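Here's the structure, in C-alpha cells; my notes come after.
Please treat every number below as a calculation from the coordinates, not as lab data. From a predicted model like this one, the values you see are computed outputs, not experimental measurements. In this analysis, Cβ positions are derived from the backbone assuming ideal geometry, glycine residues included, and neighbour counts consider all displayed protein chains.
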Amino acid sequence: MTSTSSAQPDLTVSGQPVTSPLKDVRALSRKMVGHFIENVVPCRTLPGEALNGDITTITRTCLELAVSMLDGTDIPEKTQQLRTGAKGWAREGIPIDTIHHAVHEGFKLGFDLILADATAADFDCLKQVSRRLLEILDIITSTVSRAYVTELRAVVSEHHTAAHTLTSALLGGHPTSTMARECGIEIAPSYSVLAIAIPPHPEEHDVRLNSKVVARRKLRRVQAELAKQCGEHVLSLLSVDGGTILLPAGLLDGETREGLVDQLSRAAQVPITATLVEAPTEKIPAAADQAHELLDMVQRLDCVRGLYRFDDLALEYQLTRPGPGLERLRTILDPLDEHPELLETLQRHISNNLNRQRTARALHVHTNTVDYRLRRIGQLTGFDPAQASGLWYLRAAIIARSYQQPTRHSTGAGRPA
C-alpha cells in the first residue's frame, strides 16, 4: 500500500479537524453496524456472533484507517487486519457484494458526519476531503477484494482436491468415511454412474490455435455447467476427453437427467456421449467399469450421440461377452472382407434403420445399387438382410466384429484401472 505520510494533515471544517466527528471509533463502529443491519439487507441474515465480533472489529479497523489517512498518516497493520478479516469472510461464504455495500454505506455515514457542521467557507477543504476519501475507499475495497479472491481460490482448490480424492476412493472401492467427513461431502447410499466421452472441439484441429488451451476451456465449460445443474453434491473425474460422473440417486429426476447430457453438450459445444449404470455405493467400481464398457461399445458401433442406459444396450452388451457364440458371430461377415463396399453398405443400411433412400444418399449411389448390394450380401454370407432372421444375425455379427479392432476412441479420466 502506498504511504500517505506526505499528505497535508491540516484538513478542517468549521475550524475543527475533519476527523473530529470520527474520533470515537468504538461508538461509531457500533452505530455503523446497526445501520448495516437496518439498511444492508444481506447483513440481517448474518449470525449475531459475526456482527458483534468480526464485522464490528473490521468496521472499527476501517474507521481507524480512514481517520489516520485523513490526518495524513498510514497504519500498515490496520490494512493487514483488513486482509485477515476478508479472508475469514471468504471462508465463511459471506458474499463480497455485501461486504462492499457495507463499506460504501459506512463511508456515506462518515461523510455525513464530516459535512454536518460544514459551511460555504469550507468548500475548498471539502474538495480535498472528498478526494482523500475516494483514495481511502480505493485502498480498502482493493485490499478486501484481493484478499477475498485469493482466499476463495484456495477454498475452491481445497474442496476440488478433497472431492477429487473422495471420487477416486469411491471408484477404487476404498473406505471413504474419513475422507467424506474431512471434505464435508455426504456419501449417498447409491449413485447414477455416468461414463462420458467428450470429442475434440473443432478449434482443437485449427493449427492457428493452441489446441491444449481450446481443450481446457472446453473442459472448464463442462465442469461449470455440471456444477450449475447438480450443485456441490456431484462428484466427477473428468479430462478433456471425458471421464466419470457420480450423481447421488434422487439428485435429478429422470427427465432432468435425460437433459443433462444435452446441457453438457451445449456447454462443451460438441456432442457428448454418455452411458449410465445405477449402483449402490459399495458397487460403484463395478458399475463404473460396466458403464465404460458400454460407452466403449457405443463408440465402436458409431451410435448416435446421447445418453444410453444398460437396459438400452443389454443385447449388444451380451453379444460382446467372450465365448464360442461371439467367435461364431465374428465369422459371419468374413466373406465380405474382399468386398468392403458391401460391408459399408450393410453398416450404413442398419444405422439408417433400413431406409434405402437415406443409405443411398449417404453412399452417393442409386437405390437400385443398394438393393443389388444387399442381395449380394445375402448370397455371400447366407443371411438375407431382407429377412428379419437374416438381418438379426448380420447386425449381431457387426456388433461382435467391432471388437476385433481396437477402439478409435478414448473415454478420458475416471475410468477404473
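Charge dipole of the chain (Cα centre as origin; +1 on each Lys and Arg Cβ, -1 on each Asp and Glu Cβ, all else neutral): 1020 debye, rounded to the nearest 20.
A cut-off of 5 Å between modelled amide H atoms, ignoring neighbours fewer than 5 places along the same chain, links LEU11 with VAL18.
Compute the Cα gyration tensor for the stretch 188-319, then decide on rounded, prolate or oblate, letting a ≥ b ≥ c be the square roots of its eigenvalues: rounded whenever a/c is under 1.5, prolate when a/b is larger than b/c in the other cases, and oblate in all that remain. It is oblate, given that a/c is not under 1.5 and a/b is not larger than b/c.
For the chain, the tally of Lys pairs with Cα-Cα distances below 17 Å comes to 7, considering only residues 8 or more apart or on different chains. Calculated [222 nm] ellipticity per residue, helices only, for the chain: -19000 deg cm²/dmol; basis is -39500 (n - 2.57) per DSSP H run with n ≥ 4, divided by all residues, nearest 500. Once both labels are positioned 7 Å from their Cα atoms along Cα-to-Cβ, the gap between GLN379 and LYS283 label points is 5.1 nm. Taking springs between alpha-carbon atoms closer than 10 angstrom, which of LEU294, LEU209, LEU329 fluctuates most in the Gaussian network model of the chain? Evaluated over the chain, the most mobile residue of the options is LEU209.
Packing order of peptides 28-35, 125-132, 196-203, highest average first: 196-203, 28-35, 125-132 (average count of other Cβ atoms within 10 Å over each peptide's residues).
Near ASP384, the amide H atoms lying under 5 Å from its own belong to GLY390; only residues 5 or more places off or on other chains count, and H is placed 1.01 Å from N. GNM on the chain, alpha-carbon springs under 10 angstrom: the most fluctuating residue among PHE36, PHE310, PHE123 is PHE123. Applying the Karplus relation 6.51 cos²θ - 1.76 cosθ + 1.60 with θ = phi - 60° to the stretch 276-283 yields 3J(HN,Hα) values of 10, 9, 8, 7, x, 3, 5, 10 Hz, where x marks Gly and Pro. In terms of the mean number of neighbouring beta-carbon atoms within 10 Å, the peptides 111-117, 17-23 order highest first as 17-23, 111-117.
Treating r as the C-beta distance of GLN128 and HIS104 and R0 as 25 Å, the FRET efficiency rounds to 0.75.
This structure gives Cα extents along the principal axes in Å, computed directly, and of (1) 82, 46, 37; (2) 111, 48, 32; (3) 66, 53, 41 that value is listed as (2).
Return the single residue from ALA195, ALA227, ALA362 with maximal mean-square fluctuation; model: Gaussian network over the chain, springs between Cα atoms under 10 Å. With Cα springs under 10 Å in the chain, the top fluctuation among ALA195, ALA227, ALA362 is at ALA362.
The stretch 255-303 and the stretch 106-125 have Cα centres lying 65 Å from one another.
In order along the stretch 195-201, the Karplus-derived 3J(HN,Hα) couplings, from 6.51 cos²θ - 1.76 cosθ + 1.60 at θ = phi - 60°, round to 9, 10, 10, 10, x, x, 6 Hz, and Gly and Pro are given as x.
Under a 5 Å amide H cut-off, with hydrogens placed 1.01 Å from N, SER190 pairs with ALA249, THR281 among residues at least 5 apart or on other chains. Of all DSSP-defined beta bridges confined to the chain, some 90% are antiparallel rather than parallel. Using θ = phi - 60° in the Karplus curve 6.51 cos²θ - 1.76 cosθ + 1.60, the 3J(HN,Hα) couplings for the stretch 345-361 round to 4, 4, 4, 5, 4, 5, 5, 8, 6, 6, 8, 4, 5, 5, 4, 4, 5 Hz; x is entered for Gly and Pro.
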